[in-house]
Every structure is written in C-alpha cells, then in structure tokens.
Amino acid sequence: ITQSFFAGEWGPKPISNVMGSMPDPVKPVIGGLLCGLVGLAYPQILFFGYETLNPLLKTQAYLPFSLIFSLLAVKSLMTAVSAGSGLVGGTFAPSLFLGSMTGALFRDGAAQVIKVFNELDPTTYPIVAEVFHTIPLHDLHLASPPTYAMVGAASVLAALFRAPLTATLLLFEVTRNYDVLLPIMASAGVASIVSDILEDTLERRDEMQRRDLDPVSWGDLADGEDSEPLESSKKIKVNKLT
C-alpha cells in the first residue's frame, strides 16, 4: 500500500497526483520526515531498536501492554513507510523488533485472559465459569517474557527470510538458553511454512486478477489457436478437391 501511495497509484486523487508527479529523490525525504516526527513521540522505534530489545530479551523487564501494542503498531507503520518511500535500509532489525513485541504482547494477553477466567464468579457467569473451571488454568504457568519475545522474534525472522535454522541459531546465541531452543525451532519452522503457503496463495490470486483484467480472455486465445489449424486444413482439402 505504501509503495502504491508514494507511486501515486493509491489514495485521494489530489494527493496521488502530487505523489505521482513528485521526483523520486524527494520521496525518501518525505518518508524520513514522517519517521522523524513519529519518533518524537515514540523514540523506541528509531534506528534498530536494540535499546528496547536488549532488556526485553535478556532480563525480566516489564513493559505495559498498551506500550507494547503502541510500539508494535507504530513500528509496523513506519517500516512500511520507509520501504515504500525508498529509504535505504533493510528488514532484518525491524523483523526482530516486531517479532519480539508480538511475542511479549501475546504473553501479556494470555496472562490477562487466564487471570480473568480464574477470577470468574460462578454465581454471575455459571455456564462460562463451569466450562473454564474444568480446565486447570490455575495450574498453568506461563514462561517469562523474554522467552515469548525470543520465540516471536525467531518466528517473524524465519517467515520473512525463509530461514528457520538461521533464525533459531541467531536467537539462541542471544541468550544461550537451552530451554527455549525447542520452542524456537518449532515456531520458526511453522512460521516459514505458513509464509510459503500465504505467498503462493497471493501469487495465484494476483495472477487470476491479471487474467480477469486482460481484455482478451485466455479462452479466446486458446480457441483462436485451435481454429487456425482447422481453417488451414479445410483450405487444403478444398484445394485437393478442386
């Protein structure tokens, strides 16, 4: 979407006309300006973001749920703006940041859900309380936030670069914790497979859309190709008869 926006192919017509007529060297300047303005409110998203990731991956640092959600949303948007505007950079560090925040967000969300269901009053919500009290949620202990952050970072990295083993070894080198090696391997492998399936599905959908937009249908082309030999064979038979 951001690439189409900066190319002048998406968005309100006045803005798309301006972006379409704008020189390409000016577009990265606009992207950098937007990132800088957003960075004034969220400095954690600027540059690589290692100052935020290191405490989250190596210690029991606590980040509020709202802050993690905000950083995840803002970093995703600014990464798309940077890539769409043509800023020089990569997706390696953003993938680690986004994956870590996603894992930490999932962990905090799961903890809140477990807490709510454990505190349900059976008299107020009898059906829900009966169902969830049959599940031993009070005996379920979540792993530490760094564990979920590492699993999330490995998943996003493996899905983006199709390199589950590289993502596993890289995140293992960060902590040297053998307890998280198996979850990281499993999540990285599943993420890579899901990414391949989604990519193939989207490519087939785009190909079908291009065929639908083509004024000459593929069936007409096939009929035309088949009809030419038939017409030529008829002409040959007529010539022989005459």
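Quick notes
- For the pair Ala163 and Leu46 in one chain, pulling the backbone fully straight at 0.36 nm per residue adds 39.6 nm over the alpha carbon distance.
- Chain lengthening between Val116 and Ala73 when straightened (0.36 nm per residue, less Cα-Cα): 13.0 nm
- Summary of packing: across the peptides 154-165, 25-36, the per-residue average of other C-beta atoms within 10 Å ranks them, highest first, as 154-165, 25-36.
- Between Leu182 and Leu142, the FRET efficiency estimated from the beta carbon spacing at R0 = 22 angstrom works out to 0.85.
- Under the Karplus curve 6.51 cos²θ - 1.76 cosθ + 1.60, θ = phi - 60°, whole-Hz ³J(HN,Hα) for region 10-21, x wherever Gly or Pro sits: 8, x, x, 4, x, 5, 5, 5, 5, 5, x, 8
- Shape summary: region 1-56 maps onto an equivalent ellipsoid whose semi-axes, from the alpha-carbon gyration tensor, are 30, 11, 10 Å in decreasing order.
- Extension gain, Ser4 back to Leu87 (0.36 nm per residue minus Cα-Cα distance, nm): 28.4 nm
- Spin-label zone in region 59-95 - amide nitrogen under 12 Å from a point set 7 Å from the Cα of Leu202 along the C-beta vector: none
- Here's how it looks for Ala7: its modeled amide H is under 5 Å from none belonging to a residue 5 or more places away or on a different chain.
- Computed from backbone phi, the HN-Hα couplings of region 22-27 come to 6, x, 4, x, 7, 5 Hz, rounded to whole numbers (Karplus: 6.51 cos²θ - 1.76 cosθ + 1.60, θ = phi - 60°; Gly and Pro given as x).
Each value in this text was obtained by applying a stated rule to the coordinates, not by laboratory testing. Nothing here was measured: the structure is a model prediction, and the numbers come from that model. Cβ sites come from the backbone with ideal geometry, for glycine too, and all protein chains shown count toward neighbours.
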